[in-house]
Every structure is written in structure tokens, then in C-alpha cells.
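Worksheet: one structure, shown below.
We did not get these values from a lab; they are worked out from the coordinates using the rules stated. Because the structure is predicted, anything quoted here is derived from the model rather than measured. Positions of Cβ are backbone-derived with ideal geometry, glycine not excepted, and every protein chain shown enters the neighbour counts.
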Amino acid sequence: MKQYTREENAITLWRKTQPEGDCLVWMGARNDRGYGNVARGRQSRQYVHRLMWEQHYGPIPTNMCVCHTCDNPPCIKIEHLFLGTNQDNQLDAVSKGRRPNSVARRGVPLRPEHIAAIAEGKRKAKELRQEEGM
């Protein structure tokens, strides 16, 4: 697969963006959840918010997500992006009400006290399931 230069990536990113409110929104291709993406080879696509992160900070560590503080999937404004684990991203979504019906694995509802305990590292979903009799 072709390796794209920083300059080629920058041109790709800036060519298809426009300001929208406080965000910088990708106007090119998007997936069904609204995340912008670009072709990288015949059968490969890359999320543009991840590409933007790499342009500014370098490679994304393994098992890390590039998350949005603005909760706007097509936004690529670097000030709106942060690194976090998948768990960080899920807890962020629940805490902001983007996933009001979220459940921990095996059907235990994530109530506010569950979210706080998990986020603070005080509890595990397994313990919560046992308490709920699941």
C-alpha cells in the first residue's frame, strides 16, 4: 500500500473541510455513523479524525482511540480531539447522555453511580452484574 507524505495528507484534509460552528467539519466521504474517511489503497479507508491526530502528534498508540470532545463525528478540529481507550470513549458517551440506554455487558444498566465507579476504577462491570443477580 502506498505511503502518503505529510504534505499529501495535509492537502487531503484541508481540501474537504469547512467551519461549522466551533467545529472544522469534513465534507468528503462519511460512513453510516457520520465519521469522515478517505481511501488509502484499493480496499482500505482511514478515518480523517485519526489522520488529523497523526498529522499533529504522530502515530496513535496501539489500542487507543481518537475521541471527540465536541461529539460531532465529522469534526477534525485538532482542539476537539483527544486520545483515550475504548472504555474512556464509552464512558464519555454515557456521561454526556449520548448513550442513555447503554448497558454493561450482559444487560446490567449503566446508572450514573455505576459510570462514576467504573470511571474512577473503583468497580468492575463483573461486580455490578453479580450485585444485580446476573
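Do any trypsin sites (Lys or Arg not before Pro) in the stretch 1-72 lie in a loop, going by DSSP, with at most 12 other beta-carbon atoms within 10 Å of their beta carbon, and if so which?
Sites meeting the loop and neighbour criteria: Lys2, Arg33, Arg42.
Pull up all non-local amide H partners of Thr69: gap of 5 or more, or a different chain, and H-to-H distance under 5 Å with H placed in the peptide plane.
Those lying under 5 Å, H to H, from Thr69 are Leu81, Phe82.
Report ³J(HN,Hα) in whole Hz for each residue of the stretch 18-23, in order, from the Karplus equation J = 6.51 cos²θ - 1.76 cosθ + 1.60 where θ = phi - 60°; Gly and Pro get x.
Rounded to whole hertz, the list is 8, x, 8, x, 8, 9.
Between the stretch 52-100 and the stretch 1-47, what is the C-alpha centre distance in whole Å?
16
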